[in-house]
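Chemist: Can you read through this structure? Questions will come right after.
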Amino acid sequence: MAPEGDLFAGLRHHQPQALEHLRHALAGGHVAHAYAFVGPHGSGRKAAALAFATALVTRDAGAGARTAADRVARGVHPDVHLIQPTPPESNPKGAPAHRVDSVRELERLAALRPAEAPVKVFIVDEAEKMTLATPQAFLKTLEEPPARTVIILILAQPGALPATVLSRCQIVRFLPAPAEGTLALLPDGRGEARQRALEMLAKVEAGGGDAVLASGEALGRDREAAETVVETCWLWYRDLLAAQAHPAPPLVFAERAEAVRARAAALSLDDIVRGLSACREARLAIAGNVSPRLSVEILLSRLATAA
């Protein structure tokens, strides 16, 4: 088999959990018949799928492993099929999609024996572009998978496909790739929405109850904006905690480093921990369908009290 370290080198730093999942499956011989690689574009899902496919088809290949791996990379290995959405045959300029016909072709190929490898691997890229009828047609293959076949669906969100499809797949989650100048595994602290949320927090800390009500009124029923405020407050308090723990910590809001240090010095550790707890409770409240405006108003009130 091709050296595993080489195959998954790109995942080592940014996708450790996904890498561990795939390595465990390979090492233990517990490879599922179907996987769903779920995560945003640019997170390495497709590269991981090809690396996993390479590891599967080069098993027991001996001296021919590197040649087989090279054929996978060039897209010419007979047992690795990358299926992309395509426009309708009647309209080459139409919207690309996975249609029932492509599923029927996958089923036909899956029913055949592998040409040379231990298994056949089918990678369905941008699986969220299935037409309405395609997931139902795909179910039969997932429910009664042909022997020596592994199917990998690549999609951005789990809600993009019916639960009946995903329930028959092992889900491997991919985190967003960190943008340049940001911290790995944490949301980006830059952008207008973040700055507005920080200004809202500053006004509340300075103005008390009236500022809380004004902030709630400004949000209205905008759930997404409310979630951004809650997440921004959580990131801010995360930076405060980091500033208390280390003289020069990596910060989400690096451009506000002086303000972070000043604020961290003014609060006790208990204050910061209570602030983080309040952010968590607000996030859970919004997820539980509590009014986003009310959730934010309660959060800001608690943070203002701590201030």
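Chemist: Considering only the other residues whose Cβ falls under 14 Å of the Cβ of residue 221, what net charge follows from Lys and Arg at +1 and Asp and Glu at -1? Intermediate values should be presented prior to the final figure.
Modeler: Values: positive: 223, 293; negative: 217, 222, 224, 227, 297.
The answer is -3.
Chemist: I'd like the Karplus ³J(HN,Hα) series for segment 116-132: coefficients 6.51, -1.76, 1.60, θ = phi - 60°, whole numbers in Hz, and an x wherever there's a Gly or Pro.
Modeler: 8, 8, x, 9, 9, 10, 10, 10, 9, 7, 6, 4, 5, 8, 5, 5, 4
Chemist: Between the alpha-carbon centers of segment 190-228 and segment 47-69, tell me the distance in whole angstrom.
Modeler: Centre-to-centre (Cα) distance: 52 Å.
Chemist: Moving on. Of 142, 269, 50, which is the most mobile in a GNM of the chain whose springs link Cα atoms less than 10 angstrom apart?
Modeler: The residue that fluctuates most here is 269.
Chemist: For residue 83, tell me the accessible area in Å² from a 1.4 Å probe, rounded to the nearest 10.
Modeler: Estimated to the nearest 10 Å², residue 83 gives 30 Å².
Chemist: Let me ask you something else. Report, by chain and number, residues whose modeled amide H sits under 5 Å from the one on residue 152, excluding near sequence neighbours (fewer than 5 apart, same chain).
Modeler: Excluding prolines and chain starts, which carry no amide H, the hits are 35, 122, 123, 124.
Chemist: May I pose another question? Nearest 10 degrees is fine. How inclined is helix 192-207 to the longest principal axis of the chain, computing both from alpha carbons?
Modeler: 30 degrees
Chemist: Please report the net charge: other residues with Cβ closer than 14 Å to the Cβ of residue 245, K and R +1, D and E -1.
Modeler: Working: positive: 238, 261; negative: 239.
Neighbourhood net charge equals +1.
Chemist: Report ³J(HN,Hα) in whole Hz for each residue of segment 82-90, in order, from the Karplus equation J = 6.51 cos²θ - 1.76 cosθ + 1.60 where θ = phi - 60°; Gly and Pro get x.
Modeler: Residue by residue, segment 82-90 yields 9, 10, 9, x, 10, x, x, 4, 7 Hz.
Chemist: Please work out the Cα center distance from segment 123-180 to segment 72-93, rounded to the nearest Å.
Modeler: So the separation of the two Cα centres works out to 17 Å.
Chemist: Moving on. Counting only other residues whose beta carbon sits under 13 Å from that of residue 145, what net charge do I get with K and R as +1, D and E as -1? Don't skip to the answer; put the middle values down first.
Modeler: Working: positive: 120, 140, 148, 168; negative: 107, 143, 144.
The answer is +1.
Chemist: For the Cα atoms of the chain, what angle does the longest principal axis make with the long axis of helix 292-306, in degrees from 0 to 90, nearest 10?
Modeler: It is inclined by approximately 50 degrees.
Chemist: Then there is this: Can you give the angle from 0 to 90° between the axis of helix 257-266 and the longest principal axis of the chain, with both taken from C-alpha atoms, to the nearest 10?
Modeler: 60 degrees
Chemist: Follow-up. Classify segment 153-262: rounded, prolate or oblate, from the alpha-carbon gyration tensor (a ≥ b ≥ c, eigenvalue square roots; a/c under 1.5 rounded; otherwise prolate if a/b is larger than b/c)? Don't skip to the answer; put the middle values down first.
Modeler: Working: a/c = 3.05, a/b = 1.47, b/c = 2.07.
Because a/c hits 1.5 or more and a/b fails to exceed b/c, segment 153-262 counts as oblate.
Chemist: Can you pull the semi-axes for segment 37-166, root of five times each eigenvalue of the Cα gyration tensor, sorted largest first, whole Å? Kindly include the intermediate steps, with their values, before the conclusion.
Modeler: Details: eigenvalues 127, 53, 44 Å².
The three semi-axes for segment 37-166 are 25, 16, 15 Å.
Chemist: Which of the chymotrypsin sites (Phe, Trp or Tyr not before Pro) across segment 68-176 are loop residues per DSSP, with 14 or fewer other Cβ within 10 Å?
Modeler: Working: sites: 122, 138, 174; in loops: 174.
Passing both the DSSP loop test and the Cβ count: no residue.
Chemist: How large a share of the accessible area of segment 43-86, in percent, is made up of carbon and sulfur atoms when the probe is 1.4 Å and the other protein chains stay in place?
Modeler: Working: 1010 of 1920 Å².
The C+S portion of the solvent-accessible surface of segment 43-86 is 53 percent.
Chemist: If you don't mind, there's one more thing I want to ask. For Rg and Dmax of the Cα atoms in Å, which listed value, (1) 20.6, 66; (2) 24.5, 74; (3) 18.8, 57, comes from the coordinates shown?
Modeler: Matching the structure shown: (2).
The values are calculated or read from the model by the stated rules, or taken from the named source; none is laboratory data. Only a predicted model underlies this, so the values are computations on that prediction, with no experimental measurement involved. Counting neighbours? That spans all protein chains shown, and the Cβs are built from the backbone with ideal geometry, glycine included. Keep in mind that these areas ignore ligands, DNA and RNA; they rest on the heavy atoms of the full protein, side chains included. Shrake-Rupley method; radii C 1.70, N 1.55, O 1.52, S 1.80 Å.
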